[in-house]
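Just below is one structure, and these are the notes that go with it.
No lab work stands behind these numbers, since they all come straight from the coordinates. Only a predicted model underlies this, so the values are computations on that prediction, with no experimental measurement involved. Ideal geometry is used to build each Cβ from the backbone, glycine not excepted, and the neighbour counts take in all protein chains shown.
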Amino acid sequence: GQSLEQPSEVTAVEGAIVQINCTYQTSGFYGLSWYQQHDGGAPTFLSYNALDGLEETGRFSSFLSRSDSYGYLLLQELQMKDSASYFCAVRDGAGRRALTFGSGTRLQVQP
Amino acid sequence: GAGVSQSPSNKVTEKGKDVELRCDPISGHTALYWYRQSLGQGLEFLIYFQGNSAPDKSGLPSDRFSAERTGGSVSTLTIQRTQQEDSAVYLCASSSSGGPQSTGELFFGEGSRLTVL
């Protein structure tokens, strides 16, 4: 099976940088994804890492280390609208197409 | 349509009743997924469709849950004899055919919030 661990809550101030970590255990591995979900809204895709290293998309970056089964999402220049839940997800290598999601990290951005 | 559409957005039912939840995926997306999300929790996988077939039903919690997909498009999730623990938001997602090399991007609907009294 697969499991993912991420912190339940993170608090930061506007303009700051925050890192949300994710560790995973899978029987195989095809990539780590990150999703954002505002209260009452649909999860939306942020990023995907299949290979080791950093992927940057505007204010958001995502990092993966396959040898450590670890990744993180980095949010820079935090804005109030970034307050949301962030989920890491893996697609394992057992032929399963569905993503397995972590329990989510609730980010609160304070003024 | 432009995005994944789900209906109803809210459903309140009495314990023991059957409910049907509908998902209309993005046009052309062959893969369709159902997830369940309890309040403040992560997303729990229920079932995956590729076309009209369901190669992975491993997440369905009991035989009261079933789903079908017709015409490679609309899907219906049916919960029979609902229980209070079935209360949750049921999310549908779709993606292009994908595979291990895909980006892993799923497009989610806004969900159907089910409350069982």
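Some points to look at:
- Extreme residue, positive dipole direction of chain B, given options B:Tyr33, B:Ala54, B:Gln6 (C-beta unit charges): B:Gln6
- Within chain A: Cβ-based charge dipole about Cα centre, in debye rounded to nearest 20 (Lys, Arg +1; Asp, Glu -1): 360
- Calculated P(r) of chain A - Cα pairs past 25 Å, %: 16
- The stretch B:16-23 - phi-based ³J(HN,Hα) in whole Hz, Karplus 6.51/-1.76/1.60, Gly and Pro as x: x, 7, 8, 10, 10, 10, 10, 9
- Given charges at beta-carbon only (K, R positive; D, E negative), |dipole| of the protein assembly as shown in Debye: 560
- Kirkwood hydrodynamic radius over Cα pairs of the protein assembly as shown, then Stokes diffusion coefficient at 4 °C and 1.567 mPa s, in µm²/s: 72
- With a 10 Å cut-off around each Cβ of A:97-107, the average count of Cβ atoms from other chains is 6.
- Distance from the Cα centroid of the stretch A:47-66 to that of the stretch B:56-94 is 33 Å (rounded to whole angstrom).
- Set A:Lys81/B:Lys15; B:Lys15/B:Lys57; A:Lys81/B:Lys57 screened for pairs whose C-alpha atoms are more than 32 Å apart: A:Lys81/B:Lys15; A:Lys81/B:Lys57
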